[in-house]
Structures are given as C-alpha cells and as structure tokens.
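Chemist: Here it is, the structure, as structure tokens.
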2 protein chains.
Amino acid sequence: MRFSQQRETIINIIHSTKIHPTADWIYRKAKKYIPNISLGTVYRNLKQLEQDQLISTIFDGSVARFDSNMERHDHLKCKICGSLTDLTLDYDFKSTVKQKFNFIADEIEMTIIGTCSKHN
Amino acid sequence: MRFSQQRETIINIIHSTKIHPTADWIYRKAKKYIPNISLGTVYRNLKQLEQDQLISTIFDGSVARFDSNMERHDHLKCKICGSLTDLTLDYDFKSTVKQKFNFIADEIEMTIIGTCSKHN
DNA sequence: AAAAATAATAGTAATCATTACTATTTATTT
DNA sequence: AAATAAATAGTAATGATTACTATTATTTTT
C-alpha cells in the first residue's frame, strides 16, 4: 500500500472522532482539505483500511459506519438521537457456543438499543 | 389492517422457514402462489408486519432479513455458508448499562460470527 | 345485494448507498 | 530522469429499498 494524501486524510479524520462516521460524513470532512477528492476514493480506502485491520465497519441498519477503535468492544445505540457509543462489557460466549453448537466463534457483535443519558 | 391474499401468503412463507429470508427470497417464493405479486407489495407488507410486531428485521451486513421468531434471542452467523441460526443465551446487561451509563436499554442485538458445525 | 368508501395492489420510476470502470495523475523503483 | 504500477477523479452502473399512481379488492353502508 503506497502513500497517498487522500488516504492519510481519511485516516486522520476517522481517528479524530468518536461518532463512528459514515462514508459520506468522512467525504464531506475530507473535502475541506482536498476539495476535489472523490467519494469513490473514500469508499475504496475505507475498504482497504478495513482489510488491513486498521479500522472496522459497523452496520447501523443499512448504512455502514467506520470505527477506529480496534479493541474488542460493544455499542450503545440511542433510539432518540441515533448516537452510537463504545463500551466494553465482560462476557465469554465463545466457549458456550463451542460446547453447545460446535460453533467456532471469531467475534461477537453486540449492540444495546435504547435511550441514552441525554434524554432522561 | 384489512385482509389480503398477498399478506397472508407472505406471513405463511416467513413462518414456514428458519433461514431468515430476504425480501427477494420471499418474493420469489410468493410468486409460486401469486404469479403477478409485486416486489413492492412484499416490502410494504414486511414493513407493516414489523410495525405490528408480527415479525422482526435483522440487518445482515447491508441486506435486511426477516424473522418470525419474536422471542428474545441471539444469532450465530457462519462466515463460510452465511447461515444465520437462532440461539438464546443467558445474560442481563440492561441493569449494568443503566447503572454505568444511565442508558435505558430496550433490546440487545447479539450476533456471534464464526464457523458453524457443518464446516469442522 | 348493490353502491360507496377506502385499503391494498401491480407496475413502474425514483432514491440512496455502494461498487465498477477508465483515462489520468502520482508515488516509488530502476 | 525514465519506467512502472498504484491511486485518483469523475462518471456510470448496480442492488436494495421506497415512492407514486391508476386500478383492483375488501369491507362497510345502504
């Protein structure tokens, strides 16, 4: 993977926020630095960064959001404001599903949906 | 909600399978009974059934799948064959997130990703 | 049982997120 | 400095889903 100003900018943008931005949000931010950057470039780089395990993709309903936090963690999703917040819960279901279903678990995605502290 | 043969057929199809079908899969099945049924009709009814809490929607990556199992449950997703299997794990994180984050949890979505028993 | 009211449909067009394509540009190697 | 090939911009294409509208079917009223 060769250096490019576009990719560098995209990486910086993702690392600068905790909001788990969409491709379009990243694109609009990136345009402030590189006005003629293309949305395709954003998507292509996001896919590449995910393949190289530098970011991960969260599917929030039908749109993809991108996360620079590569530690194992879960999410709180607020129904009111749509915010997605990181948290880390303690559990281990990998051994359970191996025993009960002979299923070899690689990762566990957990999203807790409800109302965040801002609205109560 | 008034009766319609189309909706009745869609409900029967969803209840007849455990594969968590997509809208398109339901549409192709439904055409065997109602050859000129429209894909829009399938989507409109699926949305309506979800609103009435008769089915639920699972977002599998970027495509929606539909589930007639309305009991609280989790999913095992196989990376090899793409299968999505129901299971029910025992946990309670609602009280934890209320205490730690003042977050009022309504539901928890958990998908365990890995390799199912067919491939090992 | 016929007429009136309106929910639901088929068929098609539009939308939105994402991916594919291609000629050109840019980073790296020779 | 020239050669090589990865990356880009801009645009077209795709696939899932939603919106629109004239017509059809179900339910209610008479």
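The values are calculated or read from the model by the stated rules, or taken from the named source; none is laboratory data. These figures come from a predicted structure and were not determined experimentally. Glycine also receives a Cβ, built like all others from the backbone with ideal geometry; neighbour counts cover every protein chain displayed. Side chains included, ligands, DNA and RNA excluded: accessible areas come from the protein's heavy atoms. Shrake-Rupley method; radii C 1.70, N 1.55, O 1.52, S 1.80 Å.
Chemist: How many residues are touching a helix residue (DSSP H, G or I) at 6+ places or on another chain (Cβ under 7 Å) and open to solvent by 30 Å² or more (accessible area, probe 1.4 Å) when one looks only at segment B:94-108?
Modeler: Count: 3.
Chemist: Sort out which residues of segment B:97-120 are facing chain A (nearest Cβ under 7 Å) and closer than 16 Å to A:LYS77 by Cβ, and write them in order of number.
Modeler: Those that are facing chain A (nearest Cβ under 7 Å) and closer than 16 Å to A:LYS77 by Cβ: B:VAL97, B:PHE101, B:ASN102, B:PHE103, B:ILE104, B:ALA105, B:ASP106, B:GLU107, B:ILE108, B:GLU109, B:MET110, B:THR111.
Chemist: Another one. List the helices (runs of 4 or more DSSP H) that sit entirely inside segment B:1-93 and contain at least 3 residues that are more than 14 Å from chain A (Cβ to nearest Cβ), open to solvent by 80 Å² or more (accessible area, probe 1.4 Å) and farther than 30 Å from A:PHE66 by Cβ.
Modeler: Result: B:5-15.
Chemist: Need pairs with beta-carbon distance below 8 Å; first residue closer than 14 Å to A:LYS32 by Cβ and within segment A:1-17, second more than 9 Å from DNA strand D (Cβ to nearest atom); sequence gap 6+ or separate chains.
Modeler: Pairs that qualify, where the first residue is closer than 14 Å to A:LYS32 by Cβ and the partner is more than 9 Å from DNA strand D (Cβ to nearest atom), are A:THR9/A:TYR33; A:ILE10/A:ILE26; A:ILE10/A:LEU46; A:ILE10/A:LEU49; A:ILE13/A:PRO21; A:ILE13/A:ILE26; A:ILE13/A:LYS29.
Chemist: Being within 13 Å of the chain's Cα centre (by Cα), within 13 Å of DNA strand D (Cβ to nearest atom) and at pLDDT 95 or above narrows it down to one residue among A:LEU49, A:LEU39; which is it?
Modeler: None of the other options fit; the residue is A:LEU49.
Chemist: For segment B:33-63, what are the residues that are free of Cβ contacts under 8 Å to residues at least 40 places away in the same chain, of a type in the set (D, E, K, R) and within 13 Å of DNA strand C (Cβ to nearest atom)?
Modeler: Once the filter is applied, which keeps residues that are free of Cβ contacts under 8 Å to residues at least 40 places away in the same chain, of a type in the set (D, E, K, R) and within 13 Å of DNA strand C (Cβ to nearest atom), segment B:33-63 yields B:ARG44, B:LYS47.
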